[in-house]
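Novice: Below is one structure. I have some questions about it.
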Amino acid sequence: LAWVIQYLLVTEAFTPPVATSDHHHHVSTTTTTVRRTTSRSSSATDDAAAVSNSYQAPLVEIQRRRNLAIISHPDSGKTTMTEKLLLYGGAVQQAGAVRQKAEQRATRSDFMEMEQERGISISSTVMNFEYNEFGIRLMDTPGHQDFSEDTYRALAAADNALMLLDGAKGLEPQTRKLFEVCRLRGLPLFTFVNKLDRPALAPYEIMDQIAEEFGLETHPILWPIGDGERFKGVLDRTENVVHLYTKAAQRGQKAQVETVPISNTDRLEELIDDDELFGKLMEDAELLDELIEPLDMERVLKGDQSPLFFGSAMTNFGVQLFLDKFCNMGAKPMGRVVRSVDEEEEDEKLIGPEHEEFTGFIFKTQANLDPKHRDRLAYVRVISGKYEKGMKVSHSRSKLNKKYNLAQAQALFGSDRSSVEEAYPGDVIGINNPGNFAIGDTLFTGTNRVAFPGIPSFSPEKFAYIRSPNPSDYKSFRKGIDQLLDEGAVQALRQRNDDGGGPLMLAAVGQLQFEVVQARLQNEYKVESLMEPLSYSMARWVDGGWDAVDKADADGKLFGIMIVQDRWQRPVLLFRNDWKAASLAEEVQYLQLKPWSQPPDFND
């Protein structure tokens, strides 16, 4: 996590979304210059005027969209929570539990074979659905630390985050790491304490944990009545209404609920049918009103206060209430700072969702959502303007006069897709990847070449050679490797000056990523692979270039360090321990060692 935070602070690559303080009119200034600006020629201004308003998104479409990424430590119930939000959102008729039984359906968000076998999320998944008048864009992210890079990218595309906690365990290591990224990102953070159908920590204890470790004030919206077998329901403190639940007759269906105003004490006492729980509910309700700071939406949208919810995704208790509250409280599509670099201009601008040109950035690529067609899809978060079928866009790493035709876009629902004619700020759409699009790239219309801050590749910690044991499968093996590399889950390294004929080395954040590559090669490309682990544990890119590497090598500074190149022939050094990397960076500063990398610009 340390180098991730360093990257965000040094490069401002994770510039927080920006919005006005009024969350009911949560739209950024269209385009405001915030750094270095020089005048443009009058012809460029005229050209910009000629295309203005052509792609501007209607305000009503911006205002009704909500975008949410769900984060948690593994086994906190994140994928189950996603499924139940889809259930109550009307997107599915029956939710599929992660640990499948014969009578249960598969989850929509975990659709890869390996995900379903292991009951874990290994890739972030986007689900679009309509709920009342709102358009919800939901991102289920991996909880396992080996796949945290995918979660990091999803957070770059999110306007809100839901931190899911296990009620029995409270804060856990991966939750802490992801919270730091959310804080640097400036995201509004909602907290849902899950698994109240099992014995859980006291609600006050969980609030204290969050306050002490994160310095984050929570404001309870839904307050639990009991836990484990005695979990009766929740108090909605915004409406002063108690929701008492009865488990659904069949797993995966909606829970039965009865609502009672908290002022109707006689009816409440009768329905709760537990003197201790009833007495504690009335005491807690009074205590919270007296001691808890009021809900401040301006602080929520800045990430300084977190609305707090309690419930159980497995038994559907409190899920629909959270969805309703989120639609009303969540941040609407927000603006991003964009870098503009032209021959006559270099500046940074804040582009809001109502900006007259289309802009969006690619935060994820995926191969083989449809294995029959060997497709490659790029996930684009729309920041401003309107996508229209067949529109032509420019690409941040290509020449400005190079245009890409977006012949069609697709709304995503796990592995399912449906064609869309239009898309608006806050939407996530899938477009065909011709092979030039990479994670972090910006697509845009207009006469100014712009680029949102890029999304770096994580510094790998695991390295291994990979090869196909069957020469007859080499063509399929190479195709599979190339497409999986495009997704960015693993990185490819080779010996210096190797043009592709030598041994291929894979670099990954965690061991499970190697297992995913091998499983997908087997399942999707029908080829076997063998891996040979290496003893290195850290990689650093050399911004000083090959001349700096040669100088350091000639001076005897690279003893015990492996010199390789990435897929763009840039120098990379592999180390066996942190101390060696830190000492070399300090001693040989002209190497300019960096723990992250980004794709280079195209030369043509």
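The values are calculated or read from the model by the stated rules, or taken from the named source; none is laboratory data. All values reported here derive from a predicted model rather than from experimental measurement. Counting neighbours? That spans all protein chains shown, and the Cβs are built from the backbone with ideal geometry, glycine included. Only protein heavy atoms, including side chains, enter the accessible area calculation; ligands, DNA and RNA are left aside. Shrake-Rupley method; radii C 1.70, N 1.55, O 1.52, S 1.80 Å.
Novice: Among 299, 397, 540, what's the order by accessible area (1.4 angstrom probe), most exposed first? Let's see the in-between values first.
Specialist: Details: 299 75, 397 20, 540 45 Å².
Reading off the accessible areas and sorting them downward yields 299, 540, 397.
Novice: Additional query: For the range 150-225, compute Rh as the Kirkwood radius over C-alpha pairs and then the Stokes-Einstein diffusion coefficient at 25 °C and 0.890 mPa s; write the answer in µm²/s, rounded to an integer.
Specialist: Roughly 188 µm²/s, to the nearest whole number.
Novice: Bin width 10 Å, origin at 0, all Cα-Cα pairs of the range 454-516: what percent of pairs per bin?
Specialist: So the P(r) values, bin by bin, are 20, 54, 25, 2.
Novice: Further, regarding this structure: Going through the cross-link list 349/479; 84/232; 399/479; 84/332, which pairs have a Cα-Cα distance over 29 Å in this structure? Numbers along the way, then the final one.
Specialist: Numbers: 349/479 40 Å; 84/232 19 Å; 399/479 27 Å; 84/332 22 Å.
Correct reply: 349/479.
Novice: Using alpha-carbon pairs under 8 Å, 6+ residues apart, how would you state the relative contact order of the range 480-604 in percent?
Specialist: Values: 156 pairs, mean separation 32.4, N = 125.
Reported as a whole number, the value is 26 percent.
Novice: Return the loop-located trypsin sites (Lys or Arg not before Pro) in the range 484-520 (DSSP other than H, G, I, E, B) with at most 15 other Cβ atoms within 10 Å of their own Cβ; answer none if there are none.
Specialist: Sites meeting the loop and neighbour criteria: 496.
Novice: Cα-Cα pairs above 18 Å in the range 350-456: how many percent?
Specialist: Working: 2455 of 5671 pairs.
Tail fraction, whole percent: 43.
Novice: How much area per residue is accessible in the range 133-288 when the probe is 1.4 Å and only protein heavy atoms are counted (Å²)?
Specialist: Per residue, the range 133-288 has 39 Å² of solvent-accessible surface.
Novice: OK, next. Not counting ligands, DNA or RNA, and with a 1.4 Å probe, what is residue 555's accessible surface area in Å² rounded to the nearest 10?
Specialist: 80 Å²
Novice: Could you please put 457, 535, 398, 472 in sequence from largest to smallest accessible area, using a 1.4 Å probe?
Specialist: Numbers: 457 25, 535 75, 398 5, 472 110 Å².
Ranked from most to least accessible, the order is 472, 535, 457, 398.
Novice: If you don't mind, another one. Which lysines, on any chain, are close to residue 475 with Cα under 24 Å apart, when same-chain ones fewer than 8 places away are left out?
Specialist: Answer for residue 475, where 24 Å is the Cα cut-off: 372, 526, listed by chain and number.
Novice: Could you work out the relative contact order of the range 480-551? I mean the mean sequence separation of Cα pairs under 8 Å and 6+ apart, divided by the number of residues, in percent.
Specialist: 20 percent
Novice: What does the net charge come to around residue 386 if you take all other residues with beta carbon closer than 9 Å to its beta carbon, with K and R at +1 and D and E at -1?
Specialist: Residues near residue 386 contribute -3 overall.
Novice: While we're looking at this one, here's another question. Suppose we keep just the alpha-carbon trace of the range 289-337; what are its Rg and Dmax in angstrom?
Specialist: Both quantities, over Cα of the range 289-337: 13.4, 42 Å.
Novice: Still on this structure, please answer the following. Can you list residues from other chains, or at least 5 along the same chain, whose modelled amide H is less than 5 Å from the amide H of residue 198?
Specialist: Distant-sequence amide H within range of residue 198: 228.
Novice: What does the charge count near residue 362 come to, summing +1 for each Lys or Arg and -1 for each Asp or Glu among other residues with Cβ under 10 Å from its Cβ? Intermediate results must be reported in sequence, preceding the final value.
Specialist: Details: positive: 153, 364, 381; negative: 441.
For residues surrounding residue 362, the net value is +2.
Novice: Report the convex hull volume per residue for the range 534-604, counting only C-alpha atoms, in Å³.
Specialist: Working: hull volume 6.4 nm³, N = 71.
Convex hull volume per residue, Cα atoms: 90 Å³.
Novice: Put a dot 7 Å past each Cα toward the Cβ at residue 269 and residue 522; how far apart are the dots in nm?
Specialist: With each label point 7 Å from Cα toward Cβ, the separation is 6.3 nm.
Novice: Near residue 473, within a Cβ-to-Cβ distance under 11 Å, what is the net charge of the other residues, with Lys and Arg +1 and Asp and Glu -1?
Specialist: +4
Novice: Tell me the per residue accessible area of the range 393-505 using a 1.4 Å probe; a whole number in Å² is fine.
Specialist: The answer is 39 Å² per residue.
Novice: For 159, 304, give me the order by solvent-accessible area with a 1.4 Å probe, most accessible first, ignoring ligands, DNA and RNA.
Specialist: Numbers: 159 0, 304 75 Å².
These residues rank, largest area first, as 304, 159.
Novice: Per-residue accessible area for residue 389 at 1.4 Å probe radius, Å² rounded to 10?
Specialist: Ignoring ligands and nucleic acids, residue 389 comes out at about 100 Å².
Novice: If the cut-off is 22 Å between C-alpha atoms, which lysines fall inside it for residue 580, apart from same-chain ones fewer than 8 positions away?
Specialist: Correct list for residue 580: 462, 551, 557, 594.
Novice: Please report, in whole Å³, the volume per residue of the convex hull around the C-alpha atoms of the range 249-328.
Specialist: Numbers: hull volume 10.8 nm³, N = 80.
Hull volume normalised by residue count: 135 Å³.
Novice: Debye sum, Cα scatterers, the range 396-497, no solvent: what log₁₀ I/I(0) at q = 0.15, 0.19 1/Å?
Specialist: Each listed q corresponds, in turn, to -0.91, -1.20.
Novice: For the range 174-307, compute Rg over Rh where Rg is the Cα radius of gyration and Rh is the Kirkwood radius from the inverse mean 1/r over Cα pairs. Walk me through the numbers on the way to the answer.
Specialist: Values: Rg = 16.2 Å, Rh = 16.3 Å.
Checking Rg against Rh, the ratio lands at 0.99.
Novice: Right, next: Which one of 442, 411, 468 is farthest out on the positive end of the charge dipole of the range 411-474, using unit charges on Cβ (Lys, Arg +1; Asp, Glu -1) and the Cα centre as origin?
Specialist: The Cα lying farthest towards the positive end belongs to 468.
Novice: Next question. Let me spell out the model: positive unit charges on the Cβ of Lys and Arg, negative unit charges on the Cβ of Asp and Glu, origin at the Cα centre of the range 430-526. What dipole size does that give, in debye rounded to 20?
Specialist: 160 debye
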